[in-house]
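Contents: one structure, followed by commentary.
Computed from the coordinates by the stated procedures, all read-outs in this text should not be read as laboratory data. Because the structure is predicted, anything quoted here is derived from the model rather than measured. Virtual Cβ from ideal backbone geometry, glycine too; neighbours counted across all protein chains shown.
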Amino acid sequence: MAKKLNMLIFSGEYDKALAALILANTARQMDVDVTMFFAFWGLCLLKNDEKINLEGKSFYEKLFSIMTPKGPEELPLSKMNFSGIGKTMMLEMMEDGEAPKLIDFVNGALNKGVKFYSCKLSMEIMGIDKAELIPEVEVMDAQQYLEDALEADMQLFI
Amino acid sequence: MAKKLNMLIFSGEYDKALAALILANTARQMDVDVTMFFAFWGLCLLKNDEKINLEGKSFYEKLFSIMTPKGPEELPLSKMNFSGIGKTMMLEMMEDGEAPKLIDFVNGALNKGVKFYSCKLSMEIMGIDKAELIPEVEVMDAQQYLEDALEADMQLFI
Amino acid sequence: MAKKLNMLIFSGEYDKALAALILANTARQMDVDVTMFFAFWGLCLLKNDEKINLEGKSFYEKLFSIMTPKGPEELPLSKMNFSGIGKTMMLEMMEDGEAPKLIDFVNGALNKGVKFYSCKLSMEIMGIDKAELIPEVEVMDAQQYLEDALEADMQLFI
């Protein structure tokens with residue numbers, strides 16, 4: 001029976017998202033089942049910047065939507081971000097080594113069968129509508145996350 | 001036999017504490033046994049602001065006690081805190097959705113039988129006395145934490 | 001059969017590294033097998049400051065090498081760092097309680113048989129050469145990390 005990896009992606013940072021997606025892609029190449037559950041800031045990674053919609057949002061929800069990253073490439077680094085300078089440096093260093101962009105890792109993971117779920121309560125708190133996320137994502141609540149995670153061989157909170 | 005969830009709460013941030021407490025409450029509703037082990041900054045969540053006592057503390061312990069959050073409602077956000085503006089925004093957004101306060105989640109978890117432990121070594125390093133914490137907390141050392149966590153079905157470091 | 005603990009050390013912060021090393025040392029005293037896999041900022045903990053070498057690095061790799069911590073004692077706190085003041089406070093508080101330095105925990109862990117691995121891809125992205133790390137570290141890729149972690153009884157992302 002296939003092993004199972006479950007990751008709760010809480011943080012909305014470029015480097016942590018990259019690490020999680022590398023693990024997801026690598027695990028699928030090993031035939032490990034992978035679930036990624038995106039909550040709070042992690043939802044920013046799933047935003048489709050062409051679908052962000054301020055209509056129907058409250059004042060604070062609009063402000064929040066404007067102030068948070070609008071998709072994977074806008075995520076900041078967890079450290080040394082310096083208004084984006086550290087991230088530019090890291091991207092330049094990765095291009096030297098010909099590493100792909102974050103969106104390529106997202107698409108690679110989806111193509112390999114990694115399951116993407118967004119946290120229902122986080123979407124409600126942050127005023128994010130399902131239509132604003134990439135279409136491959138399904139909505140899940142905390143109980144469904146726990147049912148999946150408790151059956152997995154390893155769980156990470158990232 | 002009941003499944004077991006073990007969480008090590010290291011960070012002292014409002015949003016991470018909220019996520020952990022939602023998982024703890026949800027897990028108990030599913031009859032999963034839950035242990036929360038609070039270490040370092042996570043101890044701020046357990047502080048009883050009416051019992052904080054500077055007597056007998058060293059100079060640095062006093063300074064630390066004054067500069068760290070005095071209970072759950074004082075915890076900052078992990079991102080976009082902007083001297084509290086981001087947190088005010090999130091609380092406003094939650095009130096629109098009628099979500100309860102952090103202390104309600106703490107009390108809910110305690111009422112449902114979530115076990116709360118504080119890390120002995122962290123208390124020594126940070127100069128925190130057991131009397132300064134909410135009374136339901138028991139002190140545990142790293143070995144006791146590991147014994148519990150190694151028997152659990154899932155472990156998260158938050 | 002011995003229980004197994006696997007930790008992925010992603011963050012390069014003093015307090016999180018200290019927590020991870022305390023768990024590693026304690027687990028070994030309980031005869032638990034321990035693997036620590038250092039990725040991204042976590043690699044800073046393994047740097048040997050006498051061996052850092054800027055030759056052969058690209059412009060950005062040099063800048064990155066200069067701007068990141070050069071070994072365990074240079075790691076900042078995850079919170080309240082205030083240009084190092086918070087860390088000085090914490091170190092003073094630990095000396096009151098006669099706690100050892102981070103490098104003592106690293107050496108203790110190595111002496112007790114904790115296995116230290118550095119992430120191959122992170123080293124490539126950050127331009128870090130094996131010769132710049134402490135000699136006891138072995139290089140591992142994401143697949144080898146996952147194989148080890150999936151067999152462990154608990155996994156933490158720190």
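Things worth noting here:
- In plain terms, the residue of B:32, B:139, C:34 with the fewest other Cβ atoms within 10 Å comes first and the most crowded comes last, giving B:139, B:32, C:34.
- The ranking of A:158, C:66 from fewest to most other beta carbons within 10 Å of each one's beta carbon is C:66, A:158.
- For chain C, the convex hull drawn through the C-alpha positions has a volume of 110 cubic angstrom per residue.
- Order of B:45, B:133, A:150, A:8 under a 10 Å beta carbon neighbour criterion, fewest first: A:150, B:133, A:8, B:45
- Here the protein assembly as shown has an Rg and Dmax of 21.3, 60 Å, counting Cα atoms alone.
- Applying 1/(1 + (r/R0)^6) with R0 = 35 Å to the Cβ-Cβ distance of residue A:31 and residue B:112 gives a FRET efficiency near 0.40.
- Over the protein assembly as shown, DSSP H runs of length four or greater, each weighted -39,500 (n - 2.57), average out per residue to a 222 nm ellipticity of -12000 deg cm²/dmol.
- Viscosity 0.890 mPa s, 25 °C: Kirkwood-radius Stokes-Einstein D of segment C:1-42 over Cα pairs, µm²/s: 232
- For residue B:3, the aspartates and glutamates whose Cα comes closer than 18 Å to its Cα, not counting residues fewer than 8 places off in the same chain, are A:147, A:148, A:151, A:153, B:31, B:33, B:147, B:148, B:151, B:153, C:153.
- Efficiency of FRET from Cβ geometry, residue A:130 and residue A:58, R₀ 22 Å, rounded to 0.05: 0.80
- 20 Å Cα-Cα threshold exceeded, pairs from A:16/A:87; C:57/C:87; A:79/A:115: C:57/C:87; A:79/A:115
- When the Cα convex hull of segment B:1-94 is projected onto planes of every orientation, the mean area is 7.8 nm².
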